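Report on the structure given below.
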Amino acid sequence: MILKVLPSTLSGDNVWAPPSKSIMQRALALATFAEGTTMLRRPSESDDCTQAMMMSAQLGATLELGDDAVAVNGVARPAPRTDTLTPGESGLGARTFGTLAALHDHPIQLGREGTLAARSFDSWADALRTCGAEVDGQGYGESLSVKGPMLSGVYELDAKGTSQVITGLLCSLPLLEGNSQLTVHNVVSTPYMEMTLEMMEDFGLQVEARHLEDSRTWILNIPGNQRAQGVDMTVDGDWSGAAFLLGLGLLCAPHSLTVEGLASSVTQADEAIKGALLFSGCRLAGVDDGIQIFAGKPKAFQVDLTDCPDLFPPLAAMAVFAKKPSTFKGLHRLDNKESNRGLAIQEEWGKLGIQVDLDEPNDTLRVHPGKLQAGRIDPRGDHRMAMAASILGAAGAAVEILDAECVAKSYPAFFDDLEALGVAIQVVAK
């Protein structure tokens, strides 16, 4: 599907943030082997969470879907109903549920669809092998499989590629018979680690966590013989998705836009969007369970996104309309996403007349503001690239977006919400 997003002035002044897929996927992983029933209210309907629900059931849990809730009845230990897990295109889902599968002593395949086939699983495979599991096919496009059982112990790991490796281990190691200790170096996306630890506490799992002065080395003491307890929770709104809505409010609202449903009951890395906007001179106001952004133009963004790389696309779109060039640090975090996002931003923004510089030695991406030209971009199957392109179209010049349906990975209602706010969108014949 090709959609054209046209320059627009918003007619609506409030919108709900989508439920967080990061929170829901972790909740589903913890609920899979929890005692009792976990109720997830206002669940995410994203493709990633649909696949996570399927993998929970594939590992033995029983799920019941209601109008606005999902009930998960956990099992004490893995009882796979199939020899294949289906994460779809979800990197977090593959790494987290793939690690849970390594609690079982029979080989289980992990399907790799679409953009997931082009993502590396080297660091994940190395971590599982360190903990006693067998992994085959972690290279690009290879058939991936895992076989347990993992063993408790004292382990030292490098997490420089992704914190998702540690998320999977944290959800799994408490279920083993013995105690474990993880010393994890080069931790990236620290807020995602904090999210996992906070949710484990909500589910009644004990972990003693501390990090050294450099904050990139963590020591995690994980008692064994634990079992999570079912919880009743409402899934918080997603700051990752809200970032795109805030960009539209900043650049296209006649006065302001309020984004609701952002309770922030657990840490979310992309809540850092508030600081980035404030430092760029944008005006924000807190409201009950949400945030209000006032219309205006940013001065420029100078921000380190190492711990929140998903903010690169929305901020790189907003930076096009800034008064001066913007510089974002953390470029190295972008090459193993749904696309190579740094290169994708440079090439796709270039099609619209915008210069983007990639400085690998200094680990930065720099956006030069300019007058947008109408054009067509290819988000490369990357949901965040497609949503960022919508900001460019609504605030600047008409932008056609190839394969716009890829937004369903995290935010299926994105274009519906934009139309409800008054953004002009047309379907383009191929």
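So D67 clears everything in (1) modelled with pLDDT under 90; (2) over 29 Å from S264 (Cβ atoms) except one condition, right? Which one?
It is condition (2) that D67 fails.
So, in the stretch 144-178, of the ones that are in contact with a strand residue (DSSP E or B) (Cβ under 7 Å, 6 or more places away or on another chain) and surrounded by fewer than 16 Cβ atoms within 10 Å (Cβ to Cβ), which residue ends up farthest from D307 (Cα to Cα)?
Top of the filtered list is G153.
So, in the stretch 86-120, of the ones that are aliphatic (A, V, I, L, M) and under 20 Å from the mean Cα position of the chain (by Cα), which residue ends up modelled with the lowest pLDDT?
For the stretch 86-120, the residue satisfying everything is A118.
For the stretch 95-129, how many residues meet the condition of being in contact with an Asp or Glu (Cβ under 8 Å, 6 or more places away or on another chain) and β-branched (V, I, T)?
Residues in the stretch 95-129 being in contact with an Asp or Glu (Cβ under 8 Å, 6 or more places away or on another chain) and β-branched (V, I, T): 2 in total.
Restricting the stretch 27-41 to residues that are among the aliphatic types (A, V, I, L, M) and assigned to a strand (DSSP E or B), which is nearest to the chain's Cα centre (by Cα)? I'd like the intermediate steps shown before the answer.
First pass over the stretch 27-41, keeping only residues among the aliphatic types (A, V, I, L, M): 27-31, 34, 39-40.
If we keep only those that are assigned to a strand (DSSP E or B) as well, we get 39-40.
Numbers: M39: 22, L40: 18 Å.
That would be L40.
As an exercise: evaluate L331 against (1) at pLDDT 95 or above; (2) touching an Asp or Glu at 6+ places or on another chain (Cβ under 9 Å); (3) among the hydrophobic types (A, V, I, L, M, F, W, C); (4) farther than 22 Å from V407 by Cβ and give the number of the one condition it does not meet.
It fails just one condition, (1).
Could you list, in sequence order, the residues of the stretch 283-315 that are part of a loop (DSSP other than H, G, I, E, B), crowded, with 23+ Cβ neighbours inside 10 Å and of a type in the set (A, V, I, L, M, F, W, C)?
Answer for the stretch 283-315, where residues must be part of a loop (DSSP other than H, G, I, E, B), crowded, with 23+ Cβ neighbours inside 10 Å and of a type in the set (A, V, I, L, M, F, W, C): F301, L305, C308.
Any idea which of L103, L65, L59, L85 is surrounded by fewer than 15 Cβ atoms within 10 Å (Cβ to Cβ) and farther than 23 Å from R216 by Cβ?
Every option except L65 fails the conditions.
Given the residues A125, A117, A94, A76, which is the only one that is surrounded by fewer than 18 Cβ atoms within 10 Å (Cβ to Cβ), outside any loop (DSSP other than H, G, I, E, B) and either not assigned by TED's automatic domain parsing to the domain that holds T306 or not basic (K, R) (or both)? Talk me through it step by step, then tell me what you get.
Values: A125 fails: surrounded by fewer than 18 Cβ atoms within 10 Å (Cβ to Cβ); A94 fails: surrounded by fewer than 18 Cβ atoms within 10 Å (Cβ to Cβ); A76 fails: outside any loop (DSSP other than H, G, I, E, B).
Selected residue: A117, the only one of A125, A117, A94, A76 that is surrounded by fewer than 18 Cβ atoms within 10 Å (Cβ to Cβ), outside any loop (DSSP other than H, G, I, E, B) and either not assigned by TED's automatic domain parsing to the domain that holds T306 or not basic (K, R) (or both).
Would you point out which residue out of Y140, Y192 is among the aromatic types (F, W, Y) and either modelled with pLDDT of 90 or more or surrounded by 21 or more Cβ atoms within 10 Å (Cβ to Cβ) (or both)?
Y192
Scan the stretch 1-26 residue by residue and report those that are charged (D, E, K, R) and either in a helix (DSSP H, G or I) or under 24 Å from the mean Cα position of the chain (by Cα) (or both).
Matches in the stretch 1-26: K21, R26.
Just checking, does the stretch 76-92 include any residue being in contact with a helix residue (DSSP H, G or I) (Cβ under 8 Å, 6 or more places away or on another chain) and at positive phi?
Within the stretch 76-92, one or more residues are in contact with a helix residue (DSSP H, G or I) (Cβ under 8 Å, 6 or more places away or on another chain) and at positive phi.
I'm trying to understand the selection: among the residues of the stretch 409-426, which are touching a strand residue (DSSP E or B) at 6+ places or on another chain (Cβ under 8 Å) and assigned to a helix (DSSP H, G or I)?
Selection gives F415, D417, L418, E419, A420, L421.
The values are calculated or read from the model by the stated rules, or taken from the named source; none is laboratory data. Keep in mind it's a predicted model, so treat the numbers as computed, not measured. Here Cβ is always computed from backbone atoms with ideal geometry, including for glycine, and neighbour counts include all displayed protein chains.
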